[in-house]
Each structure stands twice: as C-alpha cells, then as structure tokens.
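So the structure is just underneath, and the comments pick up after that.
The values are calculated or read from the model by the stated rules, or taken from the named source; none is laboratory data. Bear in mind that the values here come from a model prediction, so they are computed numbers and not experimental data. Because the Cβ atoms are built from the backbone with ideal geometry, glycine has one as well, and the counts that use them run over all protein chains shown.
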Amino acid sequence: MKILNPSPEMDRRSFVKKVLNGTIAGSLFLAWPMGGGSFETPEEIPGIKGKDYDLLNQEFAFIVDITRCIGCGSCCVADKREYNVPDGNYRTWVERYVKGFSDQIYVDSPHGGLDGYQHPRTDIDEEIRDTFFVPKLCNMCKEAPCVQVCPVGATFISPDGFVLVDEKRCVGCAYCIQACPYSARFLNPITKVAEKCTWCYHRVRKGLLPACVEVCPTGARKFGSMKDETSEVYKILKGPGVLTVLKKEMGTFPALYYKGARREVI
Amino acid sequence: MDAAHTPAAMLVTNYVFPNDLHVHWSMMIVLYPYITGLVDGAFIIAALYYLFDVKSLRPVARFSLLFALAFLAIATLPLLLHLGRPERNFNMLLTPSPSSAMAGFGYIYAVSMGVVVFIILFVYREDLVELRATSKGWLQLLYRALTFDSIDLSKDARKLDQKIIRFLVGIGIPIAVVLHGYVGFIFGGVKANPTWSTPLMPVIFLFSACVSGISAIILAYIVIRKAKGRSIDHECIKTCIKTLTLFFIMAFTFEMLEVFSHSYLKSGYHHMVEGLLNGPLASSFWLWQVKICSVIPLFVLGVMVLFTINKHVYNFTAAIVSAILLLQVLIMRWNVVIGGQLMSKSARGYTEFHPEWFDKEGIVAVIIVMAIPFIILFVLSRIFPFWTADNEINVK
C-alpha cells in the first residue's frame, strides 16, 4: 500500500489553524437546528402510527407479484439481517423457475436466493422457453395447520390475523414444521424453537412495511391493510385481476396472494 | 423400477424446499411408536389371558405385563431427547392446546401407566404378600407399599383381586388401543405430508404394534427360558404364533392396501409417493420391509399354523420369525417416519437422511434408549418374579 507523505509546504502553524477552523465550523453546524435530531420513521402503512392500534379490527394482506420479481435476493438479505436468521434456514426465500420447450420445469433456490440469481443455470441442455422467480414466505393461513397441531399453543393466530410463535412457550417438537404445507418453518438451531416469517409484525405495529417489502426494488412484494380502501393491496385484491394462493387444496385459506403465478408454481 | 424413468418423474427435477433439506423427526421419533407398539402388543397377550381366558398363555401372561411396564416406563425418553426444549415438556400437560393431536399424549400415557402398574400389583399381590413375609429391611418396606399394606389372602380377597384385574384389563384394552392408534393419528393427521395423511395410519400402526409386541414376547420368553436352562411351554408358543399370524395378516394387508390405494387412485401427489417408494425407499421399503421381513415371515407363519411341526423346530422357528417381524415393524416405522419426510413439500424432490453416531438423536443414543427397558426388566424381575411354580407348567 502506498503511504502518502504530508505536504512539505504545510508547517505546524497552518496545520493548527486549519484544525481550529474546522472545529469551530463543525461546532456551529451541530448548534444550528437542522432537524437532524428529531428523526422520525416515516409512516408506511397509513392509519397506524401514533394512533391506538385496534387489534380486533385489522386485516392485512400480502401480495407477491411474480411478474415483477427479478430475483435480486434483496428481500432475503433484508430478512436475514432483520432477524439474524441462522445459515441454512429461511424465513423467506426466492425460487427460480426455468421452463424448457419440452415443458420440463427446472426449479432451484441455492441459499434460498440469498445471493441473488446472478448467473444462468448451466446444467440445462434444452432450449429455454421461459423463466421467472417466485418469492416464498409465510402464507399467514386463516386455517393454519401449524396452529392446530401445536401441542402447547405456542403458535397462535393473533386477533389481527398474524400467525405468530411464542418462543418462550415453544417446546421445539417440530410438529408445526411437519404440518406446514409450505415448509415456511424451521427449528432455529440456536434457540431450539420453531421460527418462521411473521410479516414483520413488530414493524407493522409501528406502521412500517415488512423489511422485505421495504427493500424490494421492483414492487414485487406488496403489503397493506384491507381496511384501507386506498391501499394498493386493497385495490388489487378487490380489482378484476387474477390472484391465486398456493396449495389451495390444503384448505388453509392463506392471506398471501400471488399475482401472475403460473400453474407450475407449488 | 427406476424412478427416474417413470413418466411421472419427468416433472421431478429434484428441487427440495430450502427448509425441507433437514429431516426434523429422526430416529427418536422412529423409536417412539416402536416402543409404544411393543407395549401394546405385550398388553394384548396379557389381556388374552386375564380377560379372554386364553389359558395356554398363562406362562407369558405375567411376563407380558412386566415387559409392557419396562417399555412403557421409557416411552417418553425418546420424545424428551427429540424436543428442542425438553425442559418445557410439562407445558404439554399444564397448558395443552385442545386442537392438537399431540397434546393428548401426556394424559393417555399417564393413564396407561397407571392402569398397567395397578394390574401388575393386583396380579402379583399373592406373591408380594408372601415375599413381604420372608423379606427384611428396605425390601420389606417396598413389598409393604406394593401390597397396599394388606396381607389378606382369604378366598374373598382373592376373588376381589380377580374382579379388579378383569376390570383393569378391560379398561386397559381401549386405553392401549387409544395409546397406539393415537400415535398413528399423530402422523395420519398431517395433511401436508401425503404419505402420512391417511385414515388408515392409526389402523396400520395398531396392527403392527400388536405384531411387534407379540413377537417381542415370544422371542424374549424363548431366549430367557433357554438362557436359564428352563423348559419352553410349547402350547403357549403355539397360541402366541397363531395370534401373531392373525395380527400380522391384518397389519401387512393394511400396509399394502395403503400403497395399492395410492397407486390405483393416482390422486394429487401420487407421482411423488410412487417416486419415493421406488426411489429413495426402494431398498428399505420393497426389499427389506416387504420382501424380506413380510413375505418370508408370512410364508413361514402359514406353514407353522397349517402343518404339524416338530416341537423343537417349531420353537426355534418361532424365535426366528419373531425376530424378523420385530425388524419388520422397526423398518416400517423408519419408512413411515423418516421415509415420509424425505419427500419435500415442493413435490419436486427428495432429501436425504444420514444418521449420526453421537448426536442426542444418534445411533448410540438409540442403542442406549433401547437397552434401558431391559435393565428395568431385570430390576423388575428381582421384585416381581417372572415365573413361579404356579405358572411354570401350563394349566390345561
């Protein structure tokens, strides 16, 4: 590494002068009211921040727009950082679907898409007809099998419709992991209790969007209140567009909807 | 048949959901239904004698009860080893969630345990009263407690004992059926797993439980008697083998019915189940569970039931066939519990399971867990003698 020598023209006097000038100028900046001290988080979900949160009168929806996802993996990174998710376990992940001209479907999700899909698959011999990405997360089922099977009631549905895990009650039997048709759960190897995506419940209660929604650069992940008729999710869900849920035949009634999901998506 | 060449497999590109790579229910959860199954089967033998008056089972009736108790005593051990937070296990009893199938286990287990213990105490009351008279020190104190501090052996008291035993065994049967049928339901009630989600699961588990328990009693009886240099009651073994044959026909029929239904109905996840049985489980299911450990014993049992065979050959064959059937049920539990989890919920691939040696759910732990009931059985034999002059010779 090259070490820069101080300029030979700069003597001690001029150096002290410059430092003093800088210090005074800096102090003035600090004393001057710039508004920086009263930083406030912006309200992203209208009607929550600073108001009484009515637990019994809430309904939220999550929409994944497959046609918008570019497989960058930002959502996975945000999620891992938000919750310090141990390696090899995923609260959310992104799958890459590749469809060949023979209608063969190739799916992969290396590291749950955490690194983003920067390179095409090289192990497919045939010509590719189509490719798309499918983000996955907790489906927040209204008839949640994980809640039904939990022997101690550690997994429960909150009055505002979130399927949550009480980590202080969970015994780590993994019955909920077996029961989840979407494999959205895992046993945290450090805490030894079941864990899953919560749609960032702690953020939502502050009027903030889930971390993955916040960072999505293309708007492929959408979240909002169904009680707010101006919200994007309300407009999409009440609109004429086609939305689907995963594994409908399981009878779980997810609150997570997919827009543009191809029939191959499971 | 190679799974990779079936038309259905064309859709499979071995994609496993990232959270499905790990098999969450491993060998301890294989042992759990295996152990409760042994308890159930052993209890059935005792019930046949004490309630249904199958007199030829007299030599093994008491032993079956003690065998059931020894295994029942450790039935929760594999579960505790499996739990991520075993120190919270009492939450299941203290704050159970009524909607969960699993939440009932503690209660069903506790009731089973109570019933088996009381049956044993009443069955052994006469012996215990006699032993109390001849023992000294802490052993006498123990026998005093075990006889409820009563030394009444009058005719009326014995009659009452018999009535109580019949009553306890009578309620013990539905409890035993619930205990193991319920274990089957824990799996059968998981709709997310197409290999588990079948109403047949409790039935399959129940019949295979009877198979394993009766096999265990036959094998243990023959081995212990041989080791002690004592005679083997041929009539008793014959009755056990006949009962075993009946239960095994039922168990195997239902196991095959399940596979046949899947392949005939070809519904939903058929290609995944077919791929599982013909792919990752080809060896453990078709070769070991079905061909070696089911078809061969079925044939041998058929010969034993239909033809007259030399007594010594019969007893020897009984021990061998029982050992094979014990293995059959263990492999069946493996194929259901671990095999079922190899199939990812992505319906596009299968994960792998590699047992570890020194994990808390590893191979060494499995061996230790399975050794403990035999130690308990040994200790029990010091307090409750398996065989006394009374039941040495078969009462005809």
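Out of everything in the stretch A:182-204 that is outside any loop (DSSP other than H, G, I, E, B) and farther than 23 Å from B:M343 by Cα, what residue ends up being nearest to the other protein chains (Cβ to nearest Cβ)?
So the first thing to find is which residues in the stretch A:182-204 are outside any loop (DSSP other than H, G, I, E, B), and the list is A:185-187, A:194-196, A:201-204.
Pick out the ones that are also farther than 23 Å from B:M343 by Cα and you get A:201-204.
On the way: A:Y201: 20, A:H202: 22, A:R203: 22, A:V204: 23 Å.
Among those that are outside any loop (DSSP other than H, G, I, E, B) and farther than 23 Å from B:M343 by Cα, it is A:Y201.
Give just the number: which of (1) at pLDDT 95 or above; (2) in a loop (DSSP other than H, G, I, E, B); (3) surrounded by fewer than 24 Cβ atoms within 10 Å (Cβ to Cβ) does A:G207 not satisfy?
Tallying (1) at pLDDT 95 or above; (2) in a loop (DSSP other than H, G, I, E, B); (3) surrounded by fewer than 24 Cβ atoms within 10 Å (Cβ to Cβ), A:G207 fails exactly one: (1).
Could you tell me whether any residue of the stretch B:210-224 is within 14 Å of chain A (Cβ to nearest Cβ) and within 24 Å of the chain's Cα centre (by Cα)?
Scanning the stretch B:210-224, I find no residue that is within 14 Å of chain A (Cβ to nearest Cβ) and within 24 Å of the chain's Cα centre (by Cα), so the answer is no.
When you go through B:A365, B:A318, B:A323 one by one, which is the residue that is surrounded by 12 or more Cβ atoms within 10 Å (Cβ to Cβ), in contact with a Cys (Cβ under 9 Å, 6 or more places away or on another chain) and either of a type in the set (K, R) or within 27 Å of B:I74 (Cβ to Cβ) (or both)?
Numbers: B:A365 fails: in contact with a Cys (Cβ under 9 Å, 6 or more places away or on another chain); B:A323 fails: in contact with a Cys (Cβ under 9 Å, 6 or more places away or on another chain).
Result of the check over B:A365, B:A318, B:A323: B:A318.
What pairs come up if the first residue lies in the stretch B:137-155 and is of a type in the set (S, T, Y), the second is part of a loop (DSSP other than H, G, I, E, B), and their beta carbons are under 7 Å apart, counting only those six or more places apart or on different chains?
B:Y143/B:S135
Just wondering, is there one or more residues in the stretch A:125-141 that are over 22 Å from A:L256 (Cβ atoms), facing chain B (nearest Cβ under 10 Å) and either surrounded by 15 or more Cβ atoms within 10 Å (Cβ to Cβ) or not charged (D, E, K, R) (or both)?
Within the stretch A:125-141, not a single residue is over 22 Å from A:L256 (Cβ atoms), facing chain B (nearest Cβ under 10 Å) and either surrounded by 15 or more Cβ atoms within 10 Å (Cβ to Cβ) or not charged (D, E, K, R) (or both).
For B:L65, state whether it is hydrophobic (A, V, I, L, M, F, W, C) and either more than 23 Å from the chain's Cα centre (by Cα) or within 14 Å of chain A (Cβ to nearest Cβ) (or both).
Taking the combined requirement at face value, the residue does not satisfy it.
What number goes with the only condition from (1) surrounded by 17 or more Cβ atoms within 10 Å (Cβ to Cβ); (2) without any contact (Cβ under 8 Å) to a residue 12 or more places away in the chain that A:H119 does not pass?
All conditions are met except number (1).
Would you mind finding the one in B:P33, B:P59, B:P18 that is in contact with a Phe, Trp or Tyr (Cβ under 8 Å, 6 or more places away or on another chain) and at the interface with chain A (Cβ under 9 Å from one of its Cβ atoms)?
Answer to the selection: B:P18.
Could you grab me the full set of residues in the stretch A:71-99 that are of a type in the set (K, R) and farther than 19 Å from A:I266 by Cα?
Answer for the stretch A:71-99, where residues must be of a type in the set (K, R) and farther than 19 Å from A:I266 by Cα: A:K80, A:R81.
What pairs come out if I take residues in the stretch B:38-67 that are within 14 Å of B:G172 (Cα to Cα) and outside any helix (DSSP H, G or I) and pair them with residues that are at pLDDT 95 or above and of a type in the set (V, I, T) whose C-beta lies under 6 Å away, six or more apart or interchain?
Within 6 Å, the pairs are B:L51/B:V169.
May I ask you to verify whether A:G113 is touching a residue at least 12 places away in the same chain (Cβ under 8 Å), within 11 Å of another protein chain (Cβ to nearest Cβ), surrounded by 12 or more Cβ atoms within 10 Å (Cβ to Cβ) and closer than 20 Å to A:A220 by Cβ?
So A:G113 passes the test.
For the stretch A:101-145, name all the residues that are among the basic types (K, R) and not in a loop (DSSP other than H, G, I, E, B). Give the derivation first.
Filtering the stretch A:101-145 for residues among the basic types (K, R) gives A:121, A:129, A:136, A:142.
Correct list: A:R129, A:K136.
Restricting the search to the stretch B:303-354, which residues are of a type outside the set (A, V, I, L, M) and within 14 Å of chain A (Cβ to nearest Cβ)?
Correct list: B:G339, B:G340, B:Q341, B:S344, B:K345, B:S346, B:R348, B:G349, B:Y350, B:T351.
Whether any residue in the stretch A:164-178 is away from chain B (no Cβ under 11 Å) and either modelled with pLDDT of 95 or more or closer than 18 Å to B:K191 by Cβ (or both) is what I want to check. Even if it seems obvious, please write down each step before you answer.
We begin by selecting, within the stretch A:164-178, every residue away from chain B (no Cβ under 11 Å); these are A:164-165.
In the following step, the residues that additionally are either modelled with pLDDT of 95 or more or closer than 18 Å to B:K191 by Cβ (or both) were identified as A:164-165.
Yes, the stretch A:164-178 contains a residue that is away from chain B (no Cβ under 11 Å) and either modelled with pLDDT of 95 or more or closer than 18 Å to B:K191 by Cβ (or both).
Are any residues in the stretch B:189-206 buried (at least 23 other Cβ atoms within 10 Å of the Cβ) and either part of a helix (DSSP H, G or I) or away from chain A (no Cβ under 13 Å) (or both), and if so, which ones?
B:M201, B:I204, B:F205, B:L206
Between a residue in the stretch B:370-390 that is closer than 14 Å to B:S64 by Cα and any residue that is loosely packed, with under 15 Cβ neighbours inside 10 Å, which pairs come within a Cβ distance under 8 Å, given they are 6 or more apart or on different chains?
Note: pairs meeting the criteria are B:W387/B:R230.
Are any residues in the stretch B:92-138 within 13 Å of chain A (Cβ to nearest Cβ), surrounded by fewer than 18 Cβ atoms within 10 Å (Cβ to Cβ) and part of a loop (DSSP other than H, G, I, E, B), and if so, which ones?
B:T95, B:P98, B:S99
Right, A:T155: polar (S, T, N, Q), more than 7 Å from every other protein chain (Cβ to nearest Cβ) and farther than 15 Å from A:F60 by Cβ or not?
Spelling it out, A:T155 is indeed polar (S, T, N, Q), more than 7 Å from every other protein chain (Cβ to nearest Cβ) and farther than 15 Å from A:F60 by Cβ.
Testing A:Q148 on (1) assigned to a loop (DSSP other than H, G, I, E, B); (2) within 14 Å of chain B (Cβ to nearest Cβ), one condition comes back false. Which one is that?
(1)
If I filter the stretch B:100-108 for residues that are under 20 Å from B:F374 (Cβ atoms) and without any contact (Cβ under 8 Å) to a residue 60 or more places away in the chain, do I get at least one hit?
No.
Which condition breaks for B:P280 when tested against (1) in a helix (DSSP H, G or I); (2) in contact (Cβ under 8 Å) with a residue 40 or more places away in the chain?
(1)
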